[in-house]
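The values are calculated or read from the model by the stated rules, or taken from the named source; none is laboratory data. The shown structure was predicted, so the numbers you read here are calculated from the model rather than taken from an experiment. Here the Cβ positions follow ideal geometry from the backbone for every residue, glycine too, while neighbour counts run over all protein chains shown. For accessibility, only protein heavy atoms count, side chains too; no ligands or nucleic acids. Shrake-Rupley method; radii C 1.70, N 1.55, O 1.52, S 1.80 Å.
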Amino acid sequence: MSSEDSTKAVVMALAANLGIAVTKFVAYLLTASSAMLAEAVHSVADSGNQLLLLFGGRRSRRTATPEHPFGYGHERYFYAFLVAIVLFTLGGLFALYEAWEKIRDPHPITSWQWVPVAVLLVAVVMEATALRTALRQSRTARSRVGWFGFIRRSKAPELPVILLEDTGALIGLAFALIGVSMTLITGNGVWDGLGSGAIGLLLVVFAVVLAVEMKSLLIGESATEENIRLIRAAILDCADIDAIIHMRTMHLGPDELLVAVKVAVDAEDDARRVTAAIDEAERRIRAAVPIAEVIYIEPDLLRPRPAN
């Protein structure tokens, strides 16, 4: 999955959320609907989240420095983690607060009654378009993995974030439609508050899931099983490398992989032959897994394990 695919999905989601936020705020000002205010704030939070993702992606492309010799690839994970915090606080907790206020002091929608329904239906179309773009951009990277597995295993944060946000937005719009429609039908503003509460709970759950995944990436995740298999095969294909003693991998960013491996060589080989074997192993690793940009290979002797 290229960074261009991720950027396109983020920009599409940003454009949709900005347009949706404006229409929702207008609908709230006309109707004083709690669910509409919660949805408007949700769209503003999502727009801010997309800006954070774009900013993180730009900062991650900075050149490595002596202070940060492995570069700034983790910036993308850091800003994606901030997205989870924004979604939890500005989106989820605000919606829950609005729900509590509306349920405590309910009032019906008395003016411009069907404006919220029209706005929400337009928002559904725009969110569905943004979600379809994200699904299309992630289809190649997803391969045969299910969508939940893709969110769990993806090393690039942007598309999983957008997928979660857009899915949550569509479900939230359904909650808002139910709450507003029931308020219009029954004249009871409690339904409006319940719709806002459902939106808040949904956002809190999605934010927690996102935070857990981004925390794992921030701490440092290993290469995928497929890439580990390719790296092992590339090393063992070298004639003068007898075995892999141990190997560690870690993503420095979505498109940057650190490979540290200790290999067994023959005790009779001279330094020139060992050096040539290591150089060949590096070439083979990079050919098999192009994102393996930082490779450390340490030669050693294969010692028998001590008897118990």
Test: residue in the range 147-164 that is touching an Asp or Glu at 6+ places or on another chain (Cβ under 9 Å), farther than 28 Å from residue 70 by Cα and among the hydroxyl-bearing types (Ser, Thr, Tyr): no
What residue, among those in the range 32-45 that are at pLDDT below 80 and either among the polar types (S, T, N, Q) or buried (at least 19 other Cβ atoms within 10 Å of the Cβ) (or both), is nearest to the chain's Cα centre (by Cα)? 42
Quick check on this structure: which one of 153, 136 is loosely packed, with under 15 Cβ neighbours inside 10 Å and within 30 Å of residue 257 (Cβ to Cβ)? 136
Among the numbered criteria (1) surrounded by fewer than 22 Cβ atoms within 10 Å (Cβ to Cβ); (2) in the same structural domain as residue 124 (by the TED database); (3) farther than 28 Å from residue 52 by Cα; (4) among the aliphatic types (A, V, I, L, M), which one does residue 267 miss? (2)
Looking at the range 55-80, which of its residues are surrounded by 17 or more Cβ atoms within 10 Å (Cβ to Cβ) and assigned to a helix (DSSP H, G or I)? 56, 57, 60, 75, 76, 77, 78, 79, 80
Pairs, first without any contact (Cβ under 8 Å) to a residue 12 or more places away in the chain in the range 259-279, second assigned to a helix (DSSP H, G or I) and of a type in the set (D, E, K, R), C-beta under 9 Å, six or more apart: none
Among the listed residues 125, 83, which satisfies the condition of being of a type outside the set (S, T, N, Q) and open to solvent by less than 50 Å² (accessible area, probe 1.4 Å)? 83
Residue under evaluation residue 220, criteria (1) open to solvent by less than 20 Å² (accessible area, probe 1.4 Å); (2) on the phi > 0 side of the Ramachandran plot; (3) not hydrophobic (A, V, I, L, M, F, W, C), criterion not met: (1)
Kindly indicate the residue of the range 168-206 that is among the polar types (S, T, N, Q) and modelled with pLDDT of 85 or more and also farthest from residue 252 (Cα to Cα) among those meeting that condition. 186
